[in-house]
Amino acid sequence: MIQNKKINKLITLLLVFIMGISLAACGKNDAVSEEAKKASKEFVYRGEVLNFDVAAENISRTFSANNRIYFHTTLYTDTGVTNEIVSFDFDGSNKQTIPLVFSGNSYANGFGVDNDGNVYALVSEYIEDTTDPENYIYKENYFLIKYSGTGEELWRVDLAALNTTEEYFYVNNLLVSGDKMIVVSSLGMFIFDKDSNMVQKLENADGNMGNIYTLKDGKVMVSEYSETGETFRELDLNTGKTSEEPIKIPGMNYNYSYYQGYSHDLYLADGYGVYGFNFGDTELTKLMSFIDSDIDTSYLNNIIGLSDTEFIASYNDNLTYETIFMKFTKVPPEEVVDKDVITIACYYLDYTVRSRVVEFNKTNPDYRISITDYSTFDTMDDYTAGITKLNADIAAGNVPDIMVINNQLPVNSYIEKGLFEDLNPYIEKDEELDENDYFANILDAFSTDGKMYQLVPSFNVLSVVGKTADVGATPGWTLEDLNKLVASKGPDVVTFSEVTRMSMLYNSIQLSSSQFINWQTGECTFNTKGFTDLLEYLKDFPEEIDYAIYEREGYWENYETMYREGRALLAVTYLSDFATFNYQKKGNFGEDITFIGFPAENKNGSAINYSLNFALSAKSKHKDAAWDFIRYYLTDEYQETITYNFPISKEHVAKLAETAKQKPFYLDENGNKVEYDQTYYLNGVEIVIDPITDAEIEQVMNLLESVNQVVAYDESLINIITEEAESFFSGQKSAADVAAIIQSRVQIYVSENL
């Protein structure tokens, strides 16, 4: 894997080098824009709500057979559980209900229906043996039960009785195919006929069988799980044997859910759309795009094909959380309204951005947004293939209008190549926005030479926290300061609780790499005493955690109070809201705390962390429209919705502070406000957490207004440092020798990326 990453890195660097020439190609962006416009029309489906007369909240499973859709519903009442199979024609008409009776404490794992309308249920039953009050025994039995079309139980097979070798036995799935019932279990597959006779058994020594599917031509495929992803084998129902060579689904196949196909062998669904796949193909066939179809969801369930261009599916609406069944019909591209297309590129998509894009597309009369999430190009063999492709596309001139940046992208290289637009002029001429309303240090941290190329609408602070009595009241310290503190404590006091050497090295790079790299000038200073001292400090941390400590008597009770009682000094913490500060001070530590930061020669050991980061392409043909989308994240409309981070708006942080000063409350049945205490449990003792005070808010605000470096998640940088540092930790080289090698490698890396 490391070798692959190095190869990908070399390719990426070469492509970034070429990028400056490629971007100048005349008319390239116009061609990209036209291609995006065309693509946005190819995968549009129109949804029609299907009103099945069944309560969605009671639906446990959905399946299809005999050109009907079936729902297993469960209704829990004071008198017990009611189970029913409710079926409809695909248009919601011709409702039929079959009552089912399960004995004991049971639930269904799977269902199927044969050509005669008989129902087969895979049922799990929990049995509790209470004969010994000191030692209750719980056992799970499994049954395959056949019911008539009126709900009469015709026969049942005790599946657990078939297990004669395994301590643990479970069933996965049931498929009814013609007159055969196939049960997938941890032991393998059991194939029964319609009269309850087991006619075939397929052993499953690895216990890796998953689901089972019937293809359009009647073939049966069984999925298997392995380290290389989900694969399929064909099952011969006559012999009970599976094909020797597994068939692999392209891409990150764990991301897909699978359903019986119509025009293809299988339907596949992920967070962006629906695809078709035929066994033997090397690529998926994209059928539907959720975003291009204006559907605010990240998945579809229960896909049932009706024709080459129609299917039924359910989804949970991201706004209402309601389960909706819809019939989806492909819209011919020529019927899709013609709009200019704004392209967004990202590597993993934030769900809030998805919702905003769908809203934008529905309401903007002139533009649509199309998203390419490059993480979908990752494979089970190469987890960075998406990053490589994104850089390759940019090098080829396929520059998106908007980029949603994350830490795995070479942002400094993009900026140096002139890829991004300065957003300051857009803010200055925007009548609703004023840069003085935002944290100046955050804007500056994402600016280069006074130009703001990145827009971060919210943030949190990654830091190190300790008792003020130990570390002092002023944030920032050096390794020398830390070592003096540790020396003043007893041998039983740990600095950080349960951390490894590599995790501490990783934290140090994230929090204080700016003391060794100046990305503005390209200067690196790893061959200094500050870095060799860091290596010496990290050497004393364990290579791995001794998990045996978790078994020691009283470990967890002592664990919960280790900071209060001074047995552990420091904690790495994400400060994302006022509550985090309050719980650390009044819960974990129990007294005044200081966000001291990670030790660094420049005493700058806290860093800004973000979840969203936008950039506008300097080559975009739709800059104003793209800015119209980005600017939303600076408006009050969005800033007031942020609660899981600190908004970049000072006004809205102040509002959150006022709320934090109040006791939490709820409204009773009469609409009256009822306050209650926020509590924290340590060793089973309830501790009341009083609301934050003005003085404590001021302490938090001082930190928020002073932090000026960004968390470094640069994987290539981390790999260089961790690879070379290992030779020091293992005693093969001195700290000075390792520092010199790291200095050379990182200097080359930084130079190539500026």
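Once you keep just the Cα pairs under 8 angstrom separated by 6 or more residues, what percentage relative contact order results for the chain? Mind showing how you got there, number by number?
Details: 1386 pairs, mean separation 87.2, N = 754.
It comes to 12 percent, rounded to a whole number.
Calculate the length of the line joining the C-alpha centroid of the range 661-713 to that of the range 455-510, in whole Å.
23 Å
For the chain, build the charge dipole from Cβ charges (+1 Lys, Arg; -1 Asp, Glu) around the Cα centre, then report which of Ile697, Ala473, Ala392 sits farthest towards its positive end.
Ala392
Using modelled backbone amide H atoms (1.01 Å from N, in-plane), which distant-in-sequence or interchain residues come within less than 5 Å of Leu154's amide H?
Lys146, Tyr147, Ser148
Which residue, Ile427, Tyr680, Thr528, has the largest displacement toward the positive end of the dipole of the chain when charges sit on each Cβ (Lys, Arg +1; Asp, Glu -1)?
The listed residue farthest towards the positive side: Thr528.
Which is the longest part of the chain that has none of the trypsin sites (Lys or Arg not before Pro) sitting in a DSSP loop with at most 11 other Cβ atoms within 10 Å?
Segment 1-428 is the longest.
Expected output is a single nm value to one decimal: the length gained when fully extending between Asn407 and Ser186, i.e. 0.36 nm times separation in residues minus the C-alpha distance. What is it?
Values: separation 221, 0.36 × 221 = 79.56 nm, distance 4.06 nm.
That works out to 75.5 nm of additional length.
Using r as the Cβ-Cβ distance of Ala654 and Tyr348, and R0 as 35 Å, what FRET efficiency do you calculate, to the nearest 0.05?
Numbers: r = 32 Å, r/R0 = 0.90.
Between Ala654 and Tyr348 the formula returns 0.65.
Quick one: 3J(HN,Hα) in Hz for the range 507-524, Karplus 6.51/-1.76/1.60 with θ = phi - 60°, rounded, Gly and Pro as x.
4, 5, 5, 4, 8, 9, 5, 5, 6, 10, 10, 10, 5, 6, 9, x, 7, 10
Are there GluC sites (Glu not before Pro) in the range 158-265 that DSSP puts in a loop and that have at most 12 other Cβ atoms within 10 Å, and which ones? Numbers along the way, then the final one.
Values: sites: Glu166, Glu167, Glu203, Glu224, Glu227, Glu230, Glu234, Glu244; in loops: Glu166, Glu167, Glu227, Glu244.
Sites meeting the loop and neighbour criteria: Glu166, Glu167, Glu227, Glu244.
Going 7 Å from the Cα of Asp158 toward and past its Cβ, which residues in the range 191-232 have a backbone nitrogen under 12 Å from where you end up?
none
At 0.36 nm per residue, minus the direct Cα-Cα distance, what do Glu57 and Ala396 gain on full extension? Give it in nm, one decimal, please. Don't jump to the answer; show the numbers that get you there.
On the way: separation 339, 0.36 × 339 = 122.04 nm, distance 4.93 nm.
Gain in length upon complete extension: 117.1 nm.
So which of Lys194/Lys327; Lys219/Lys248; Lys484/Lys529; Lys194/Lys248; Lys248/Lys327 end up more than 26 Å apart by C-alpha? Working shown, then result.
Details: Lys194/Lys327 33 Å; Lys219/Lys248 17 Å; Lys484/Lys529 18 Å; Lys194/Lys248 32 Å; Lys248/Lys327 30 Å.
Violating the 26 Å limit, Cα to Cα: Lys194/Lys327; Lys194/Lys248; Lys248/Lys327.
Using amide H atoms built in the peptide plane, which far-off residues or other-chain residues are under 5 Å from Ile405 H to H?
Residues meeting the amide H criterion: Asn613, Phe614, Ala615.
Filter the GluC sites (Glu not before Pro) in the range 296-373 down to the DSSP loop ones having no more than 11 other Cβ atoms within 10 Å, then list what survives.
Glu322
Suppose every Lys and Arg Cβ carries +1 and every Asp and Glu Cβ carries -1, with no other charges. What dipole size does the chain come out with about its Cα centre, to the nearest 20 debye?
Values: 57 positive and 118 negative charges, 303 e Å.
Roughly 1460 debye, rounded to the nearest 20.
For the range 356-406, give the magnitude of the charge dipole about the Cα centre (Cβ charges: +1 Lys/Arg, -1 Asp/Glu; no others), in debye to the nearest 20. Kindly include the intermediate steps, with their values, before the conclusion.
On the way: 4 positive and 8 negative charges, 47 e Å.
Using Cβ point charges on Lys, Arg, Asp and Glu, the range 356-406 gives about 220 debye.
Taking θ = phi - 60°, what integer Hz values does the Karplus form 6.51 cos²θ - 1.76 cosθ + 1.60 yield along the range 390-401, in sequence order, with x for Gly and Pro?
Running phi through 6.51 cos²θ - 1.76 cosθ + 1.60 with θ = phi - 60° gives 4, 5, 5, 5, 5, 5, 7, x, 7, 8, x, 5 Hz.
Write down the Kirkwood hydrodynamic radius of the range 45-264, to one decimal in angstroms, obtained as one divided by the mean of 1/r over all alpha carbon pairs.
Taking the inverse mean of 1/r over all distinct Cα pairs, the range 45-264 comes out at 19.0 Å.
For an R0 of 41 angstrom, estimate the FRET efficiency from the Cβ-Cβ distance between Tyr168 and Glu283 and round to the nearest 0.05. Display every interim value, and only then the final one.
Values: r = 39 Å, r/R0 = 0.94.
According to the calculation, E is roughly 0.60.
Which entries in the list Lys139/Lys201; Lys362/Lys623; Lys362/Lys389; Lys585/Lys663 go over 26 Å, if you measure between the two C-alpha atoms of each? Let's see the in-between values first.
On the way: Lys139/Lys201 24 Å; Lys362/Lys623 20 Å; Lys362/Lys389 30 Å; Lys585/Lys663 17 Å.
Over 26 Å Cα-Cα: Lys362/Lys389.
Taking the simple approach of a point 7 Å from Cα along Cα-to-Cβ for both Asn208 and Ser148, what is their distance in nm?
4.5 nm
Under the rule of -39500 (n - 2.57) per DSSP H run of 4 or more residues, summed and divided by the residues of the chain, what mean residue ellipticity at 222 nm is obtained, to the nearest 500 deg cm²/dmol?
Numbers: 19 runs with 195 residues, N = 754.
The helix-only estimate for the chain comes to -7500 deg cm²/dmol at 222 nm.
Which of the three applies to the range 182-231, rounded, prolate or oblate, going by the alpha-carbon gyration tensor with a ≥ b ≥ c and a/c under 1.5 meaning rounded?
Working: a/c = 3.38, a/b = 1.35, b/c = 2.50.
Oblate shape, in that a/c is at least 1.5 and b/c is the bigger or equal ratio.
Restricting attention to the range 596-674, which chymotrypsin sites (Phe, Trp or Tyr not before Pro) occupy a DSSP loop and are surrounded by at most 15 other Cβ atoms within 10 Å? Before the final figure, lay out the partial values.
Working: sites: Tyr610, Phe614, Trp627, Phe629, Tyr632, Tyr633, Tyr638, Tyr644, Phe665, Tyr666; in loops: Tyr610, Tyr644.
Here the chymotrypsin sites (Phe, Trp or Tyr not before Pro) that fit, given the DSSP loop and packing criteria, are Tyr644.
Based on the alpha-carbon gyration tensor of the chain and its eigenvalue square roots a ≥ b ≥ c, which shape applies: rounded if a/c is under 1.5, prolate if not and a/b is larger than b/c, or oblate?
Details: a/c = 1.71, a/b = 1.38, b/c = 1.24.
It is prolate, given that a/c is not under 1.5 and a/b is the larger ratio.
Work out the charge dipole of the range 270-399 with +1 on the Cβ of Lys and Arg and -1 on the Cβ of Asp and Glu about the Cα centre, then indicate which of Val331, Thr285, Tyr315 is farthest towards its positive end.
It is Tyr315, whose Cα lies furthest towards the positive end.
Charges only on Cβ, +1 for Lys and Arg, -1 for Asp and Glu: so what's the dipole of the range 45-264 about the Cα centre, in debye to the nearest 20?
Values: 15 positive and 33 negative charges, 160 e Å.
Dipole magnitude for the range 45-264 comes out near 760 debye.
Values quoted throughout were computed directly from the atomic coordinates according to the rules given, and no laboratory measurement underlies them. All values reported here derive from a predicted model rather than from experimental measurement. Backbone-built Cβ (ideal geometry, glycine too); neighbour counts: all protein chains shown.
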